[in-house]
Structures are given as C-alpha cells and as structure tokens.
Amino acid sequence: MTPTRHGSTTAQPCPRADFDVEAAVPAVHAICEEVRTRGVDAIRELGERFDGVRVDDLRVAPEAMTAALEQLDPDVRAGLEESIARLRAASERELEADVVTDVAPGARVVQRKVPVDRVGLYVPGGLAPLVSTVLMNVVPAQVAGVGSIALASPPQKDFGGSVHPTILAACALLGVDEVYAVGGAQAIAMFAYGVGPCRRVDLVTGPGNIYVVTAKRILKGLVGIDSEAGPTEVAILADDSADPVYVAADLVSEAEHDPLAAAVLITDSVELADAVEAELERQVPATKHAERVRTALAGSQSGIVLVADLDQGVDVANAYASEHLEIQTRDAHAVAARIRNAGAIFIGPFAPTALGDYCAGSNHVLPTGGCACHSSGLSVRSFTKAVHVVDYTREGLSAVRDHVVTLAEAEDLPGHGQSVAIRFES
C-alpha cells in the first residue's frame, strides 16, 4: 500500500496511469457506429452487455425523479443544496459582459458571449454514483443560460435499469427533467447523433471511463466536448511543516476513486515521507475501499517524489500539471502563487481536495493527464461561445477601404476589394 519513491529531476516525476485511449479507439468506434446505424436497439443491447441490464425506456420518467427527491435523505439534500448555492455563487461571478470596442469613428466591434443551445451532460455511475458531478455539470450550464439540458448516466441493475436514485434526486433538485439511463460510449454517441428520444446536442461535458473518453475523442468533430478527462489525480506539495495525518488522508481520499487514480506526494522532507508512509499503513486498512486504495497507491501512477528543496518541488509540480494540487507548506499562499499548471489549487491544511469535490464552490470537472498545462476546468465559459458583431457606418468603411482593396490585391482576391470599392462608386 506504500507508494513508490522517486528521484526528482525529470519533467515527468512519475508515470501516469495506463490509460491508452488510442488502443480503445477500434472498439469504441464500433460502438459509435452501432448507435449511429441501429439507434435505440443498439443502445439497449450495449447497455445489456456492459451494464448487465436491458432498458426498455431510455428516458427516465419525470415521476421517478420526483419520487427520488421525496425519498432523499434530508442530510444528503442539505449537503446538495449547500453545494449548489456555493457553486452557483462562484459561477455567477464568471459571467462575462459583452466587450464593445470603438476602433474608429463609425467603426465598432462587439464581442458577445452566447450560450450553447443544447448540451449533453455525462455523469459516471460505475464504481460510485457521482451525484456531485450532476451539480458540477448542470449549475454552470444553467448560469451560462443554456436553454436545453440532457443528462445521461449508466443504468443500474440494482434499481431496475434506472439511473441511481441519488443522481435522479439531484436532477430533480436542479430542475433537469431530461435524463437517460444510458452509459459509456453509447451515451456519448446518443448525444452526438441524436438517437431515439434524445435530440442531438451541440456540446458534451463530464468525466467518464476510457470508453467515454475515447468516444469524446472520436466524435469531437461532430459535437463539441469539454475535455478528455481520464483517471483522477492529486499531487501534494508539502514540506516538514505538513501534518502527515492530513497528507496521508488526502492521498487515500483520491485513491478511493479508482484503481487507476494517481496519488503523488512531492516533498523535500524525508522525515515527512517516512511519517506519511507510516500513516498510510495505519489508515488504508481502516478505509471502506481498502483494496481499491491499495491498488491505486501501489500503481506506477502514484508515488512519493523527493526533491532537493521547495523551489525544485514547484518545478516538479508545474511539470506534472496535476488535476488537483494541494499546497501544504509554510507560506502556502506564496508557494501557490508560483504554480502555473494545475486544474485546481488547494491552499493550506484546511483545503483538502475532497472540499473541491463537493462544497468549495469550485468545479471538480478538471483536466487530467498533464492537460492542466494548456486546459482549464469546467466553468460557465465552457458553455458559452464568443461571437464578434461588426458594426460599421459608411464613414467607418471609407476610412479603411483603400487598405482592404490593397490587401485583397496582395492576396490575389480582387473580388474582396471590389465588394468594398463598389459601395463608393456613386
């Protein structure tokens, strides 16, 4: 259960999980083609094959969602309501106003932010019913002004082929009434092609297993996607001031997600590394999903990275570009300010990654696999697009007509220049 220790010099301090999307492409392409050509029948058969249950009505009845909310544990509902309130407050601050630029008299360019018309949101339901992912997808989409929201989650054999009731309750709480008991690559294909009762969407968001990620890659020319989010990961940058009990608990919490989850400690303190290893020996056997945690911690994607000092630790953290990065050091705010590459940064001993999973107000759908060096997590911006509106008067066009004609001729596109010049011939 103890992570492997690594040296500290490479830009890839320890390997990522074995998550070979390219290897999955042939199988997932076949699934997508089945859905495209055979529609609902293919989705039913694929659900029976992969989820162990055949679903007659892919769309969940609204009454089932209402009933799920009525039967929801009051404490769970209170937690969901608090999470929704915090995420909505943060999301509303992300809304962007139109940008108006008067470049010259009679020459105006406006950048408008326009919501996507229709989105398909995917919520995993394999190892755990990720009800929090419902919130993380739906709330920013609603704040952005998306007019049509569909959600898919795998059918559950234990619940008669319907979606997990806690997920249904969250949908009811948020006013989402278009929910499909469809999982895996077939759900992404259903969204992209528009199959059966599900109309085609413009954008698909949400995390998933390798089949979901591969389907998003295959279909992203047909439909927009947020990212190719793979196995979850946390890196913890810590010095000898960190509490090994907290550090170990945070590594365990991330490893609990999936046997492929990555849990990485980056430290300049051998003493802390030793103490964390001892804590893991104590904490792992006591956790509910001990075998899953052991597998993740023992995997090549997890480890303890020993660095010479915190400066090198910052370099390693930036090179690793983790989905989640915790900073548990002296002057943690100053250290965090030096981080460029991370999906989300958690500062100090009282901001564990689990806070971000549920109630921080931040979004937990984040870039994985090193993609944090160029990509951002899910947000209101993910559900909007920028449209330039060009508003010129005759005076405004006249001021640049000669430039347009000259540049058009330089590109051997005289019709372009003529389309401007003709407006001033009389």
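Scanning region 221-242 for residues that are under 15 Å from the mean Cα position of the chain (by Cα) and of a type outside the set (Gly, Ala, Ser) gives Ile225, Asp226, Glu228, Pro231, Thr232, Glu233, Val234. Could you please find all residues in region 173-217 being of a type in the set (Phe, Trp, Tyr), surrounded by 24 or more Cβ atoms within 10 Å (Cβ to Cβ) and either in contact with an Asp or Glu (Cβ under 8 Å, 6 or more places away or on another chain) or within 16 Å of Glu33 (Cβ to Cβ) (or both)? Result: Phe191, single match. Look at (1) surrounded by fewer than 23 Cβ atoms within 10 Å (Cβ to Cβ); (2) modelled with pLDDT of 95 or more and you find that Lys220 fails only one, number (2). If the condition is being touching a residue at least 40 places away in the same chain (Cβ under 8 Å) and assigned to a loop (DSSP other than H, G, I, E, B), then region 74-120 contributes Glu94, Leu95, Glu96, Pro105, Gly106, Val116, Asp117. Using the structure shown, decide if Leu280 is under 29 Å from Gly126 (Cβ atoms) and either hydrophobic (A, V, I, L, M, F, W, C) or in a strand (DSSP E or B) (or both). Yes; evaluated as a whole, the condition is true for this residue. Would region 142-160 turn up any residue that is more than 24 Å from Pro367 (Cα to Cα), aromatic (Phe, Trp, Tyr) and surrounded by fewer than 20 Cβ atoms within 10 Å (Cβ to Cβ)? Checking region 142-160: at least one residue is more than 24 Å from Pro367 (Cα to Cα), aromatic (Phe, Trp, Tyr) and surrounded by fewer than 20 Cβ atoms within 10 Å (Cβ to Cβ). Residues in region 324-338: is at least one in contact (Cβ under 8 Å) with a residue 24 or more places away in the chain, buried (at least 18 other Cβ atoms within 10 Å of the Cβ) and of a type in the set (D, E, K, R)? Scanning region 324-338, I find at least one residue that is in contact (Cβ under 8 Å) with a residue 24 or more places away in the chain, buried (at least 18 other Cβ atoms within 10 Å of the Cβ) and of a type in the set (D, E, K, R), so the answer is yes. The selection criterion, being assigned to a helix (DSSP H, G or I), surrounded by fewer than 24 Cβ atoms within 10 Å (Cβ to Cβ), without any contact (Cβ under 8 Å) to a residue 40 or more places away in the chain and of a type outside the set (Ser, Thr, Tyr), does not hold for Asp240. Are any residues in region 346-366 touching a His at 6+ places or on another chain (Cβ under 8 Å) and buried (at least 19 other Cβ atoms within 10 Å of the Cβ), and if so, which ones? Phe346, Thr353, Gly356, Asp357, Leu366, listed by residue number. Restricting attention to region 162-185 and to residues that are in contact with a strand residue (DSSP E or B) (Cβ under 7 Å, 6 or more places away or on another chain) and hydroxyl-bearing (Ser, Thr, Tyr), the residue that is farthest from Pro207 (Cα to Cα) turns out to be Ser162. Restricting attention to region 119-134, the residues that are surrounded by fewer than 18 Cβ atoms within 10 Å (Cβ to Cβ) and either under 13 Å from Ser382 (Cα atoms) or outside the structural domain of Ser83 (by TED's automatic domain parsing) (or both) total 0.
The values are calculated or read from the model by the stated rules, or taken from the named source; none is laboratory data. Fair warning: this is a prediction, and the values are worked out from it, not measured in the lab. When we count neighbours, we look across all protein chains shown, and the Cβ atoms used for this are built from the backbone with ideal geometry, even at glycine.
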